[in-house]
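J.: A single structure is presented below for examination.
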Amino acid sequence: MSVLLEVENLAKHYPVRKGAILARQVGLVRAVDGVSFTLNRGETLALVGESGCGKSTTARLVLRLIEPTTGAVKFKGTDITTLDGATLKGFRRNAQIVFQDPYASLNPRYTVGQTISEPMEVHNIGDAASRRARVEELLKLVGLAPYHAQRYGHEFSGGQRQRIGIARALAVEPDLVVCDEPVSALDVSIQAQVVNLLRDLQRRLGLAYLFIAHDLAVVKHVADRIAVMYLGRIVEIGEKRALFSNPRHPYTRALLAAIPHPDPSRKGRVTPLGGDVPSPMNIPPGCRFHTRCPYAQDICRQQDPVLKDGVACHLADQLPPAGVDFAGGLAPNAAKRLALYAEAAARS
Amino acid sequence: MSEPLLRIEGLRTVFRTSGGDVPAVDGVSLEVHRGKTLGIVGESGCGKSVLSLSVMRLVAHPGRIAAGRVMLGQRDLASLSMAEMRQVRGRDIAMIFQEPMTSLNPVHSVGFQITEAIRAHDPRASNAELRNRGIEALKRVRIPSPERRFDEYPHQLSGGMRQRVMIAMALACSPKLLIADEPTTALDVTVQAQILDLLRELQAETGMAIILITHDLGVIAEMTDEVAVMYSGKVVERTNARALFEDPQHPYTLGLLGSIPRLDEDRENLLAIRGTVPPPFNLPPGCRFNPRCPFAIDSCRAEIPPLRSIIPGHEVACIRAPVEASVAA
C-alpha cells in the first residue's frame with residue numbers, strides 16, 4: 001500500500017488578545033499541538049475525540065483551509081503547506097471535503113446541478129455538455145436521480161443533501177476525501193444509508209478517507225485505523241480491531257466504556273470518567289489527560305508522554321487488561337427478524 | 001401493577017395550517033409509573049417532543065391539544081386553566097431540555113434561576129432560606145463548590161455543568177415526574193455518561209418517575225424500564241426495555257436496531273431503512289410506515305393498524321407481526 005498523506009508534527013496555535021488598540025497577547029489556544037499520522041491510498045483513518053480535541057482543526061489543516069503554526073502536510077510526497085497558485089489549486093483538485101451540516105453547506109441560490117458542477121468549472125474540467133453528463137452520472141452514483149439536478153437544496157431532506165455534498169466532493173475525482181462528521185446531523189436510519197454509501201464509493205473508486213467523528217460505533221463501522229485525540233494530541237492510534245479489543249490509553253478505554261450500549265442487561269455497569277475536558281488555553285502540565293485519569297501517578301503530572309508504539313501513556317504497559325467487553329451482540333429473536341428484514345428489503 | 005402516576009389517553013395534538021389541521025401526535029396512550037422510567041424513542045418528526053410539550057401544556061400556537069386526556073392522579077391536565085397548570089409545572093412535573101445553553105437565561109445568575117421555582121411555589125421564603133435551598137439543590141446534582149457556583153452565570157459553566165444546573169432547577173421543588181427531552185444529545189459521550197448516572201442516582205433517592213425522550217437506543221437500554229417507539233405521531237410498539245431488544249416486533253423497530261452500528265458485532269453493511277419519514281401533512285394511507293416497510297402487503301395500505309397485544313405487556317401496531325409467521329405463510 002502506498003502512502004498518500006503524511007502529517008508531521010502539525011500544530012495550530014491561536015493567540016488570545018485583549019484590548020482594542022494596544023492589543024496584547026494574554027494567552028494561547030493550542031487547538032492542535034503536535035499531531036503526526038499517515039494515510040494510505042484507499043484507506044480510512046478516523047480521528048475521534050470529544051469537543052475541543054482538535055479533530056476538525058486537524059482536518060482543515062490537512063486541506064490547508066487554515067494555515068498551520070508549525071509542521072508539515074505531505075500529499076503524495078509534496079509538502080502542501082508551502083504551495084501557492086497553480087500548484088495549490090492542483091492539490092485542491094485531489095483533496096475534497098464533505099461537511100457536517102448538510103443544511104448550511106449547500107448554497108441556497110444554486111441548483112443541485114450548479115452545486116455539483118462548480119468544482120469542475122473551477123478546475124476547468126470538460127465543457128458544459130460533458131459537465132452536465134458528469135452531474136447526472138454523479139447523481140446516480142450517490143443514489144439520486146438525474147432530474148434532481150434542476151432542483152434546489154432546500155427541496156431535499158438531510159440525508160439527500162448529504163448525498164449532494166458527497167457528489168460535489170467526488171466531481172473532480174479526488175484521491176482524498178476529508179469527511180468532517182458527515183453523519184452526525186442525521187437520524188439513525190438515514191445515517192446508516194449514508195455510511196453504507198461512503199463505504200460503497202470507497203470500494204468502487206479507491207478513495208482514501210480522513211473521517212472525523214465523535215461516535216465510536218460509527219467509526220468502528222467505517223474505519224481501517226483509528227486515531228484518538230485529546231486536547232490537541234493523538235493519544236492512541238492503531239488498527240481498528242486492535243484498538244477496540246485492546247484499548248491501551250486510559251482515555252480510549254473511558255471513551256469506549258461511556259458509549260451507551262443497546263443491551264439492557266448491562267445497564268449501569270460503567271463508572272463514568274469524572275470531570276470535564278480542560279481548556280485548550282490552559283493545558284495541564286505533564287500528560288494532558290492526568291487531571292481525569294484514574295491511574296495517574298507522579299510521573300504523569302511531570303512528564304509529557306510521547307506517542308510510542310501507537311500510545312502516549314507512561315503506564316500503558318502496566319495497566320490492567322481493558323475491562324470493556326463487547327460480547328453479546330443481538331438477541332436471537334432480534335437477529336432472526338433482522339435477517340428476515342434484510343432479505344425482504346433486498347427482494348422488494 | 002399499582003395505579004400509574006400519569007396516564008395519557010388518546011392524546012391528539014394538531015397544528016393548524018392553511019391546509020387544515022396537521023396532527024403531530026395522533027392518538028397516543030401511555031402510562032408512567034412511580035419511580036420508573038418510560039423511554040420514548042423515535043426519529044425527527046415522530047412527535048416525541050410535541051408529546052412531552054403536550055403533557056406540560058407548553059404547545060404554542062398554532063398547535064393545540066385536539067383530543068384526549070392527560071391524567072395526573074384524578075386531574076386531567078389537558079383541561080386545566082393556565083393558572084392551574086402553573087401550579088402543576090415545577091411542583092408536580094418538571095422538564096429538562098436538550099440544549100442547556102439556550103435553556104438557561106444568560107443574564108441571571110445560576111442561583112437566581114435555581115430559586116425561581118421555589119419563589120414561585122413558596123413566595124414567603126426568605127432570601128437566606130432561598131440561598132440555602134439553592135445551594136442544597138446544586139449539591140444534590142454533585143456540582144463541586146456549590147457556594148461559588150450559586151453566584152456564577154451560565155457562560156462560566158461547561159456543557160455538563162449547565163445540564164446539571166438544569167436538573168437542579170427541575171428538581172428544586174421535588175416533582176413527582178421529570179420529563180427529560182434528549183437531555184444528553186448535545187453533550188460529549190463521557191459527559192453524557194456522567195449525566196445519565198446522575199439521573200439514575202437521583203431517581204433512586206427521590207423515587208420520581210422519568211419520561212426520557214431520545215433517538216438513541218443505547219440510552220434507552222441504559223436508562224429505561226418501559227419503552228414506546230413512535231413513528232409519525234403514533235406509538236407503533238410498546239413494551240418493557242428488555243423485550244424491546246430481545247423480542248423486537250414492529251418492522252420500524254427492527255429497522256432502527258439494524259441501522260445502529262454496534263460495537264459488539266461486525267456487519268458488512270448497516271441495515272438502513274429506505275426512504276424518509278413522511279411529512280405530517282402528506283401521510284400515506286394505512287400504516288404510516290408502509291412505504292418504507294419491506295414486509296408491507298396490500299392490507300397495510302388499507303387501514304391504520306391499531307396497537308394490539310402480541311403477548312401480555314407487549315403491544316405492537318402491525319398486522320404482519322411477528323414477521324417470521326407472516327413471511328412463512
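Here, each number is a calculation from the coordinates, and none is a lab measurement. Worth saying up front: this structure is predicted, and the values here are computed from it rather than measured. Positions of Cβ are generated from backbone atoms using ideal geometry, with glycine treated the same way; all protein chains shown enter the neighbour counts.
J.: As a test, work out the antiparallel percent of DSSP beta bridges whose residues both lie in chain B, rounded to the nearest 5.
T.: DSSP beta bridges in chain B are roughly 60 percent antiparallel.
J.: GNM, chain A, Cα, under 10 Å: largest mean-square fluctuation among A:G153, A:G329, A:G286?
T.: A:G329
J.: Here's something else I'd like to know. Share of Cα-Cα pairs in the range B:163-312 beyond 28 Å, in percent?
T.: Summing the P(r) of the range B:163-312 above 28 Å gives 32 percent of all pairs.
J.: Where both partners of a DSSP beta bridge lie in chain A, what percent of those bridges are antiparallel, to the nearest 5?
T.: The antiparallel proportion sits near 60 percent.
J.: For the protein assembly as shown, what is the largest minus smallest coordinate of the Cα atoms on each principal axis, given in angstrom and ordered from greatest to least?
T.: Each principal axis gives a Cα extent; for the protein assembly as shown these are 75, 67, 53 Å.
J.: Could you work out the percent of alpha carbon pairs in the range B:102-174 separated by over 20 Å, rounded to a whole number?
T.: Across the range B:102-174, Cα pairs with separations above 20 Å total 18 percent.
J.: A further question on this structure: Can you work out the FRET efficiency for the pair A:H123 and A:Q25, with r the C-beta to C-beta distance and R0 = 41 Å, to the nearest 0.05?
T.: Working from the Cβ atoms, E equals 0.55.
J.: Still on this structure, I have one more. Any chance you could list P(r) for the range A:202-348, counting all Cα-Cα pairs in 10 angstrom bins from zero, rounded to whole %?
T.: Distribution as computed: 9, 33, 31, 17, 7, 2, 0 percent.
J.: Let me ask something additional. Treating only the Cβ atoms of Lys and Arg (+1) and Asp and Glu (-1) as charged, compute the dipole magnitude of the range B:72-118 about its Cα centre; round to the nearest 20 debye.
T.: Once rounded to the nearest 20, the dipole reads 80 debye.
J.: I've got another one for you. Compute the separation of the alpha-carbon centres of the range B:82-116 and the range B:214-292 and state it in Å as a whole number.
T.: Taking the Cα centre of the range B:214-292 as reference, the centre of the range B:82-116 is 31 Å away.
J.: Something else now. Give the percent of DSSP beta bridges with both residues in the protein assembly as shown that are antiparallel, rounded to the nearest 5.
T.: So the antiparallel bridges in the protein assembly as shown amount to around 60 percent.
J.: Given the pairs A:K220/A:K336; A:K220/A:K267; A:K220/A:K308; A:K220/B:K234; A:K55/A:K220; A:K12/A:K76, which span a C-alpha to C-alpha distance of over 25 angstrom in this model?
T.: Over 25 Å Cα-Cα: A:K220/B:K234.
J.: Per-residue Cβ counts within 10 Å, from other chains only, averaged over B:275-285: what number is that?
T.: Mean shielding by partner chains, rounded to a whole number: 2.
J.: Which of the three applies to the range A:17-93, rounded, prolate or oblate, going by the alpha-carbon gyration tensor with a ≥ b ≥ c and a/c under 1.5 meaning rounded?
T.: The shape class here is oblate.
J.: Full-extension gain between B:S29 and B:E129, please, as 0.36 nm times their residue separation minus the C-alpha to C-alpha distance.
T.: Extra length available between B:S29 and B:E129 comes to 31.9 nm.
J.: Would you mind listing how long the range B:38-107 runs along its three principal axes, going by Cα atoms, in whole Å with the largest first?
T.: The principal-axis extents, from largest down, are 35, 32, 28 Å.
J.: Hey, got the Cα dimensions of chain B along the principal axes, in Å, largest first?
T.: 71, 48, 41
J.: Next question. Who wins for biggest fluctuation among B:T17, B:T185, B:T253 in a Gaussian network model of chain B, springs between alpha carbons below 10 Å?
T.: Among B:T17, B:T185, B:T253, the largest GNM mean-square fluctuation belongs to B:T17.
J.: Taking the beta-carbon count within 10 Å as an exposure proxy, list A:T78, A:T69 from fewest neighbours to most.
T.: A:T78, A:T69
J.: Using only alpha-carbon positions, what ratio does the radius of gyration of the range A:1-158 give when scaled by 2.2 N^0.38 Å?
T.: Scaled against compact globular proteins, the figure is 1.28.
J.: Another question about this same structure. Could you please rank B:Y252, A:Y103, A:Y341, placing first whichever residue has the fewest other Cβ atoms within 10 Å of its Cβ?
T.: With the sparsest Cβ surroundings first, the list reads A:Y103, A:Y341, B:Y252.
J.: If I take every Cα pair under 8 Å that is 6 or more residues apart in the range B:190-329, average their sequence separation and divide by the length, what percent do I get for the relative contact order?
T.: Normalised by residue count, the contact order of the range B:190-329 is 20 percent.
J.: Stick to Cα atoms and the Kirkwood definition of Rh, then tell me Rg/Rh for the range A:102-197.
T.: We get a ratio of 0.95 for the range A:102-197.
J.: If neighbour count is taken as other Cβ atoms inside 10 Å, put A:I166, B:I118 in order from fewest to most.
T.: Fewest to most other Cβ atoms nearby, the residues stand as B:I118, A:I166.
J.: What relative contact order, as a whole-number percentage, does the range A:3-234 give when Cα pairs under 8 Å and 6 or more residues apart are counted?
T.: Relative contact order of the range A:3-234: 31 percent.
J.: Name the aspartates and glutamates eligible as straight-distance cross-link partners of A:K74: C-alpha to C-alpha under 15 Å, and not fewer than 8 places from it in the same chain.
T.: In chain and number order, the partners are A:E6, A:E8, A:D84, A:D175.
J.: Taking only Cα atoms and a 10 Å spring cutoff, compute GNM fluctuations for chain B and point out the largest among B:F295, B:F97, B:F150.
T.: Ranking B:F295, B:F97, B:F150 by mean-square fluctuation puts B:F295 first.
J.: May I pose another question? How big is the gap, in Å, between the Cα center of the range B:157-193 and the Cα center of the range A:52-106?
T.: That distance is 37 Å.
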